[in-house]
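Colleague: This is the structure I have questions about; it appears just below.
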Amino acid sequence: MALLEILEFPDPRLRKKAAPVTEVNEAIRTLADNMLETMYAAPGIGLAATQVNVQKRVVVIDLSEEKNAPLVLINPEFAVIDPEQHEYQEGCLSVPGFYETVCRPQRIRVSALDRHGKALDFEAEGLLAVCIQHEIDHLDGKLFVDYLSTLKRQRIRQKLEKAHRSQA
């Protein structure tokens with residue numbers, strides 16, 4: 001397995017829309033394993049392939065404290081079960097150090113393929129639902145900062161650009 005580079009906002013590659021996976025094969029499973037290793041090392045609870053500059057519809061999530069319950073979602077989609085919006089404090093490995101309140105539906109129905117190409121269909125609520133919606137946003141070229149005011153988004157962008165310049 002290998003650690004992958006996580007792209008950081010405002011990198012334009014984060015705005016690319018990911019292509020559907022046409023075949024779940026060993027290369028996709030290796031990608032998922034590398035993404036999990038990268039996510040655990042970051043540390044984070046979710047990672048989309050677009051965040052590591054791979055334009056495929058692959059997401060990994062693990063909400064367990066022990067980091068032993070990985071969820072791999074290939075070509076994930078969701079439908080809102082309960083349209084009522086709830087506020088959640090969100091952060092992102094591509095927007096390091098920033099946490100902001102975002103409103104999202106609390107209950108969703110998820111369909112995807114697992115790491116073996118088997119169909120998954122399940123309901124998610126609370127943090128899992130938020131995490132899945134957040135990661136699918138990445139696959140569509142959207143970041144959680146897009147839900148914020150223009151002023152907040154610009155402030156975050158400026159701080160990250162300054163940090164990137166000082167690291168160069």
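The values are calculated or read from the model by the stated rules, or taken from the named source; none is laboratory data. Predicted model, so just to flag it, every value in this text is computed and none were measured. All Cβ positions, glycine included, derive from the backbone under ideal geometry; neighbour counts span all protein chains shown. Each accessible area value is taken on the protein alone, full model and side chains, heavy atoms only, with ligands, DNA and RNA left out. Shrake-Rupley method; radii C 1.70, N 1.55, O 1.52, S 1.80 Å.
Colleague: Can you count the Lys pairs in the chain whose Cα atoms are under 30 Å apart, with each pair 8 or more apart or on different chains?
Modeller: Total qualifying Lys-Lys pairs in the chain comes to 27.
Colleague: Of the labelled options (i) 48, 39, 33; (ii) 63, 36, 29; (iii) 44, 39, 31, which one gives Cα extents along the principal axes in Å as computed for this structure?
Modeller: Evaluating Cα extents along the principal axes in Å on these atoms matches (iii).
Colleague: What's the local net charge at L113, with K and R +1, D and E -1, over the other residues with C-beta under 11 Å away? Could the numbers behind the result be given before it?
Modeller: Working: positive: R57, R115, K118; negative: E23, E77, D114, D121.
Neighbour charge sum, excluding L113 itself: -1.
Colleague: Now for a different question. Taking only protein heavy atoms and a 1.4 Å probe, what accessible area per residue, in Å², does the range 74-131 have with all protein chains in place? List each step's numbers first, then the result.
Modeller: Numbers: 3070 Å² over 58 residues.
With all protein chains present, the range 74-131 gives 53 Å² per residue.
Colleague: Next question, about the same structure. Give me the net charge of A19's neighbourhood, meaning all other residues with Cβ under 9 Å from the Cβ of A19; Lys, Arg count +1, Asp, Glu -1. Mind showing how you got there, number by number?
Modeller: Working: positive: K17, K56, R57; negative: none.
With Lys, Arg at +1 and Asp, Glu at -1, the net is +3.
Colleague: Using a 1.4 Å probe on the protein heavy atoms, what percent of the accessible area of the chain belongs to carbon and sulfur?
Modeller: Values: 4430 of 8750 Å².
Ligands and nucleic acids excluded, carbon and sulfur give 51 percent.
Colleague: What percent does the relative contact order of the range 1-117 come to when contacts are Cα pairs within less than 8 Å and at least six residues apart?
Modeller: Details: 211 pairs, mean separation 30.4, N = 117.
Normalised by residue count, the contact order of the range 1-117 is 26 percent.
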